[in-house]
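Q: Handing you this structure, nothing more for now.
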Amino acid sequence: MDFDDRAQLDTSQVEDVGGGGGFRGGGLAIGGGAAGIIALIVALIFGINPGDITGGGDEPAGLQPSSDLSAQCKTGADADQSDKCRVVGVVNSIQKYWSEQVDGYTGAKTTLFSGGVQTGCGAADSSVGPFYCPNDKHVYLDLSFFDELQSRFGAKGGPFAQAYVIAHEYGHHAQDLLGTMNRVGQDQGAQSGSVRLELQADCYAGVWAKNAVDTGFYAKPFTDADIQEALDAAAAVGDDHIQEQAQGRVNPDAFTHGTSAQRQKWFTNGYSSGDPARCDTFSRSV
């Protein structure tokens, strides 16, 4: 994954709040990461309200200072050298793509945090994993999740595995703007609306990947090795894989994101077609 060294990064789309951030009200978080599954294995639920984990309003412990990304992240060359600047570059590219696909597109800011953060969906800690909060139109990400993805869930990791995770969360933002989220409740199960919503976000991530070079932030199309990083990450966060690791058995009635094979399939569908219209998981067999 090679950024165009001359690409100008827009750091206004990403904020680094360190160990905390201002409270933004209540709501429902969408697309909680795999770490959240382990933290809540009894319930086996992704995409929960983070406030239910941390008590809703308590200030997260272990505050760390925020950083000024505008001083660090100026060009694509910086994105090739720094994890935080890479996030800026990925977010810039994703939002450039969706701004050309969704009429009246409004941006979603990514908030980087460490340990815990206050959000429009309640107080969250790192165990929730990356998530999108429709109440404040923010994507929340603790970069330590990418270490968890490798150490706990067995993914190989890599820069494009990280890009896949971010693109999945921005897929939720597109769904929010398009009204797709309004079709889905909090049901679970292999054929549930929750699973279909998550698989569509995986497909949207693949669609962006196919078109990413056209956004002007990358020097060349992604390689097969890049795409394999995404597929490996998708497999690592499949419901069946996580359940098997956590409890030694698989319970399809508790699925909320889809199996490893389904997540890989729908990312591949998006990447192969490059067309968001091919991501209709609600009227097709998943």
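The values are calculated or read from the model by the stated rules, or taken from the named source; none is laboratory data. Just so it is clear, the structure is predicted and the values come from calculations on it, not from any experiment. So basically every Cβ, Gly included, is an ideal-geometry build from the backbone, and we count neighbours across all protein chains shown. We work out accessible area using only protein heavy atoms, side chains counted, and drop any ligands, DNA or RNA first. Shrake-Rupley method; radii C 1.70, N 1.55, O 1.52, S 1.80 Å.
Q: Just the residues that are part of a helix (DSSP H, G or I), over 20 Å from ASP226 (Cα atoms) and hydrophobic (A, V, I, L, M, F, W, C), please, taken from region 163-198.
A: So the first thing to find is which residues in region 163-198 are part of a helix (DSSP H, G or I), and the list is 163-178, 180-183, 193-198.
Remaining after also requiring over 20 Å from ASP226 (Cα atoms): 172-178, 180-183, 193-198.
Residues satisfying the conditions are ALA174, LEU177, LEU178, MET181, VAL195, LEU197.
Q: Mind listing whichever residues of region 145-158 are in a helix (DSSP H, G or I), open to solvent by 50 Å² or more (accessible area, probe 1.4 Å) and touching a residue at least 24 places away in the same chain (Cβ under 8 Å)?
A: The one that is in a helix (DSSP H, G or I), open to solvent by 50 Å² or more (accessible area, probe 1.4 Å) and touching a residue at least 24 places away in the same chain (Cβ under 8 Å): GLU148.
Q: While we're here: So, THR11, is that one at pLDDT 95 or above and open to solvent by less than 50 Å² (accessible area, probe 1.4 Å) or not?
A: yes
Q: Kindly list the number of the only condition in (1) outside any helix (DSSP H, G or I); (2) open to solvent by 30 Å² or more (accessible area, probe 1.4 Å); (3) in contact (Cβ under 8 Å) with a residue 40 or more places away in the chain; (4) closer than 30 Å to THR11 by Cα that fails for PHE222.
A: It is condition (2) that PHE222 fails.
Q: Residue by residue through region 245-263, note down the ones that are over 23 Å from the mean Cα position of the chain (by Cα) and surrounded by 14 or more Cβ atoms within 10 Å (Cβ to Cβ).
A: Answer for region 245-263, where residues must be over 23 Å from the mean Cα position of the chain (by Cα) and surrounded by 14 or more Cβ atoms within 10 Å (Cβ to Cβ): VAL250, ASN251.
Q: Moving on to the next point. Taking ASP125, is it open to solvent by less than 60 Å² (accessible area, probe 1.4 Å) and of a type in the set (Asp, Glu)?
A: Taking the combined requirement at face value, the residue satisfies it.
Q: Scan region 128-144 for residues that are in contact with a Lys or Arg (Cβ under 9 Å, 6 or more places away or on another chain), open to solvent by 10 Å² or more (accessible area, probe 1.4 Å) and not in a loop (DSSP other than H, G, I, E, B) and jot them down.
A: Correct list: HIS138 only.
A quick yes/no check of all residues on (1) open to solvent by 40 Å² or more (accessible area, probe 1.4 Å); (2) modelled with pLDDT of 95 or more; (3) part of a helix (DSSP H, G or I):
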{"site": "LYS210", "(1), (2), (3)": "yes, yes, yes"}
{"site": "VAL213", "(1), (2), (3)": "yes, yes, yes"}
{"site": "ASP226", "(1), (2), (3)": "no, yes, yes"}
{"site": "SER283", "(1), (2), (3)": "yes, no, no"}
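Q: Looking at the structure I just gave you, is LYS74 within 30 Å of LYS220 (Cβ to Cβ), modelled with pLDDT of 95 or more and basic (Lys, Arg)? First the steps, then the outcome.
A: Details: within 30 Å of LYS220 (Cβ to Cβ): yes; modelled with pLDDT of 95 or more: yes; basic (Lys, Arg): yes.
When the stated conditions are applied, LYS74 passes them.
Q: Now for a different question. Any idea how many residues of region 250-265 are over 14 Å from GLY154 (Cα atoms), touching a helix residue (DSSP H, G or I) at 6+ places or on another chain (Cβ under 7 Å) and not hydrophobic (A, V, I, L, M, F, W, C)?
A: So the answer is 8.
Q: Right, here's the next one. Give just the number: which of (1) open to solvent by 10 Å² or more (accessible area, probe 1.4 Å); (2) modelled with pLDDT of 95 or more does TRP266 not satisfy?
A: Here TRP266 clears every test but (1).
Q: Residues in region 22-40: is at least one open to solvent by 10 Å² or more (accessible area, probe 1.4 Å), over 16 Å from the mean Cα position of the chain (by Cα), aromatic (Phe, Trp, Tyr) and at pLDDT 50 or above?
A: Scanning region 22-40, I find no residue that is open to solvent by 10 Å² or more (accessible area, probe 1.4 Å), over 16 Å from the mean Cα position of the chain (by Cα), aromatic (Phe, Trp, Tyr) and at pLDDT 50 or above, so the answer is no.
Q: Modelled with pLDDT of 95 or more, open to solvent by 10 Å² or more (accessible area, probe 1.4 Å) and part of a helix (DSSP H, G or I), is that true of TYR204?
A: When the stated conditions are applied, TYR204 passes them.
Q: Which ones in region 83-117 are surrounded by 24 or more Cβ atoms within 10 Å (Cβ to Cβ) and more than 29 Å from ASP214 (Cβ to Cβ)?
A: Of everything in region 83-117, those that are surrounded by 24 or more Cβ atoms within 10 Å (Cβ to Cβ) and more than 29 Å from ASP214 (Cβ to Cβ) turn out to be PHE113, GLY116, VAL117.
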